[in-house]
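Beneath this line is the structure, given in structure tokens, with notes to follow.
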Amino acid sequence: MITITFPDGAKKEFQAGVTPFDIAKSIGRSLGDKALAANVNSRTVDLFHKIEKNSAVQILTFDDPLGKEIFRHSTAHILAHAIQELYPNAKNTIGPAVEEGFYYDFDNLSLTPADFQSIEKKMAEIVSRNLPTRREIWTLAQVKKHLGKNQYKQELAEEFQRKGSELTVYWQGDSFVDLCEGPHVPFTGMIKAFKLTKLAGAYWKGDSKNQQLTRVYGVSFPSATELEKHFTLQEEISKRDHRKIGKEQDLFLFSELVGPGLPLWTPKGTILRMQLDNFIWKLRSERGYQQVTIPHLTKKELYMTSGHWKKFSNDLFKINTRDGHEFAMKPMNCPHHTQIFAHLPRSYRDMPQRYAETTMVYRDEQTGELGGLSRVLCITQDDAHVFCRESQVKEEAFKIWDIVNIFYGTFGFQLKARLSLHDPTQFEKYVGTKEMWTRAENQLREFLSERKVEATEAIGEAAFYGPKIDFIASDSLGRQWQVATIQIDRSMPESFDLSCTNEQNNKERIVMLHAAIMGSIERFLSVLIEHVAGKFPLWLNPVQVKIVTINDNVVPYAKEVMQRLSRANLRVDLDDRALTLGKKIREAQLEQVNYILVIGEEEMKNKTVNVRTRDNKVEGTSQVLEFMQKSVQEVEEKR
């Protein structure tokens with residue numbers, strides 16, 4: 001007998017050789033029906049994997065992020081199977097799961113969306129056969145024998161073998177086999193609902209020097225109802241697309257002359273950026289932070305010392321000077337900030353040092369990976385670094401945590417935490433000692449426990465210099481976004497020999513905390529715009545109030561009202577065009593101005609305004625002072 005430990009700590013005994021599928025069925029029929037794969041001792045395996053010793057087991061369903069990934073990757077295999085039967089000369093390459101579904105890249109395949117129907121019909125046929133999937137370990141000779149006509153599979157197999165990885169393949173029935181690490185759902189019949197969505201071009205391994213392939217995208221779900229909900233959600237997402245709203249509200253733009261991934265911010269968009277940055281700076285300044293400023297360039301030696309050059313050299317914009325020196329546009333700010341800390345001797349009395357700076361960093365992303373504000377070449381980081389003693393780490397981390405909670409709570413985001421850890425099987429990817437990493441990771445676990453926050457643990461998601469707590473925000477559509485982060489770093493202080501003098505006049509190594517609240521202003525705004533559907537709260541909106549006039553006679557009074565509101569630091573526009581009142585109100589509502597003040601002869605006579613909202617709620621007549629005081633209070637309270 002062996003003991004199986006479940007995620008909630010419960011234990012149960014089974015015969016050695018039990019499978020996750022057997023375990024799931026023993027828990028309940030419903031779980032047995034929903035089970036897709038399992039985590040056994042932190043390793044993801046198929047449902048028919050035999051467990052021979054005491055193990056920690058988690059059954060994965062579609063409700064788990066990893067379960068979704070397995071389900072969608074299995075659907076990609078069904079797509080490849082269908083293409084093989086319909087287009088025998090096509091060569092399948094790779095077919096991963098992605099955030100919203102899956103794709104598969106094919107060579108020697110020409111398609112149009114009109115072909116989707118016949119492909120989906122063939123996929124449905126493969127599903128209806130309810131083919132069993134099975135995993136086999138092959139030699140390179142077997143791969144060449146069975147898949148050798150596909151040079152892409154042979155190339156991948158040779159790469160895997162060089163890395164010392166097993167060459168695993170997955171069968172669907174006896175007619176389709178694919179080189180794949182897995183795991184997969186046990187039967188094709190589990191893929192109940194799917195839809196192919198679009199075509200795109202893609203280069204093999206993302207390199208434009210390689211063969212261009214045909215990429216087929218799709219989505220899949222365990223039921224037709226969930227598939228229908230997905231497309232309903234997609235319609236709403238399309239309405240809220242930050243690129244669409246950004247254009248409608250004139251917030252930002254992209255210019256072909258400037259280049260892709262380089263947004264230009266209009267006056268209205270710049271107000272948004274400044275309001276957000278000022279809010280975070282207020283929260284930081286209340287907690288003892290100081291502002292610093294660094295250049296956008298650095299000698300390569302700075303990043304060689306920090307370790308960034310080795311890790312990110314291919315992602316940097318590099319510049320060779322006329323004197324033959326190699327510089328880089330900074331991709332991050334932390335190494336620069338270490339030099340500000342290190343330029344003076346530091347006593348324990350000086351600690352902690354808290355530096356904050358909102359500045360752009362630059363990363364050479366591939367053009368095909370760029371998208372709106374979500375992924376750009378110039379990233380505006382609201383960056384901060386705390387240099388502190390070991391005894392101060394918890395207090396400083398909790399100050400950052402408080403800022404995160406206040407900031408995201410203001411917008412109604414629900415936050416979850418993820419503990420991002422190093423991958424112990426690939427420790428060469430990281431800097432610092434194993435003892436440093438163990439200490440920092442356990443410290444973050446203690447912080448989570450003290451704040452009574454449950455967190456998922458993500459192996460391999462740590463920064464190369466330290467573990468971190470990532471905050472995951474759920475938006476109004478239920479989508480999840482990784483936003484703020486708190487990182488403990490003992491590696492960079494070692495690399496740059498950062499220390500202070502302690503009470504005994506001895507040199508004491510310090511700790512560095514990395515803290516980003518928005519992380520990237522561009523990416524945060526893409527999330528926020530879609531979260532609020534372009535309806536910004538009053539304190540943030542570039543145009544808070546729009547005055548619309550009924551006729552030219554009232555324009556002088558309207559200008560007087562505008563001046564009074566502007567002196568109260570409200571952002572006001574005046575629409576005195578010779579258009580109908582209805583058209584002017586509709587345009588203001590489409591611009592998502594919070595308050596629309598209608599001024600006619602009656603309002604001018606009584607020195608009042610008629611107030612309505614962007615949602616067409618008529619609040620009625622108000623004294624100008626009353627409206628102004630109410631609005632200023634709403635701004636100050638950040639409602």
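Read-outs throughout are calculated quantities, based only on the coordinates presented, and are distinct from any laboratory measurement. Given the structure is predicted, the values throughout are model-derived calculations rather than measurements. A quick note on method: Cβ atoms are made from the backbone with ideal geometry, for glycine too, and the neighbour counts reach across all protein chains shown.
For F252, the amide hydrogen comes within under 5 Å of the amide hydrogens of T266, counting only partners 5 or more places away or on other chains and with H modelled in the peptide plane. Near K12, which lysines are there with a Cα under 29 Å away, not counting those fewer than 8 places off in the same chain? Leaving aside lysines fewer than 8 places away in the same chain, those within reach of K12 are K25, K34, K50, K53, K68, K452. The label-point distance for N130 and D423, in a model that sets each label 7 Å from Cα toward Cβ, rounds to 3.7 nm.
Summarising the amide proton neighbourhood of F317: residues at separation of 5 or more, or on other chains, whose placed amide H is nearer than 5 Å comprise M329, D364.
Amide H contacts of L262 (H built 1.01 Å from N, in plane; Pro and chain starts excluded): L377 sit under 5 Å, all sequence-distant by 5 or more or on other chains. Positive-end ranking of A463, S499, G519 along the dipole of segment 440-526, with charges on Cβ about the Cα centre, is headed by G519. Each residue of segment 346-359 was assigned a 3J(HN,Hα) from its phi angle through the Karplus curve 6.51 cos²θ - 1.76 cosθ + 1.60 (θ = phi - 60°); the sequence is 10, 9, 4, 5, 7, 9, x, 9, 10, 10, 10, 7, 9, 8 Hz, with glycine and proline shown as x. With the charge dipole of segment 66-237 set up from +1 on Lys and Arg Cβ and -1 on Asp and Glu Cβ about the Cα centre, the Cα lying farthest toward the positive end among the listed residues L109, G173, G206 is that of G173. Of all beta bridges that DSSP places with both ends in the chain, some 85 percent have antiparallel geometry.
In the chain, the longest principal axis of the Cα atoms and the axis of helix 393-410 are about 70 degrees apart.
Scalar couplings 3J(HN,Hα) for segment 423-431, obtained by applying the Karplus form with A = 6.51, B = -1.76, C = 1.60 to θ = phi - 60°, are 9, x, 7, 10, 5, 5, 6, 10, 10 Hz; x denotes Gly and Pro.
Filter the cross-link list K163/K209; K559/K607; K122/K144; K416/K535 down to pairs whose alpha-carbon distance in this structure exceeds 18 Å. List each step's numbers first, then the result.
Details: K163/K209 24 Å; K559/K607 12 Å; K122/K144 28 Å; K416/K535 24 Å.
Too far apart for the 18 Å limit: K163/K209; K122/K144; K416/K535.
Apply the a/c threshold of 1.5 to the C-alpha gyration tensor of segment 66-237 and tell me whether it is rounded, prolate or oblate. Prolate, since a/c reaches 1.5 and a/b exceeds b/c.
The slack between N553 and T613, meaning 0.36 nm per residue of separation minus the straight C-alpha distance, is 19.2 nm. Loop-located GluC sites (Glu not before Pro) across segment 52-101 with a Cβ neighbour count of 12 or fewer within 10 Å are E52, E99, with loop assigned by DSSP.
Rounded to the nearest 20 debye, the dipole magnitude of the chain is 40 debye, with +1 charges on Lys and Arg beta carbons, -1 on Asp and Glu beta carbons, and the Cα centre as origin. Between S30 and S110, the modelled label-to-label distance comes to 5.2 nm, taking each label 7 Å out from Cα in the direction of the beta carbon. Residue by residue, segment 627-639 carries 3J(HN,Hα) couplings of 5, 5, 5, 4, 5, 4, 5, 4, 5, 4, 7, 6, 6 Hz when phi is fed to the Karplus relation 6.51 cos²θ - 1.76 cosθ + 1.60 (θ = phi - 60°); x denotes Gly or Pro.
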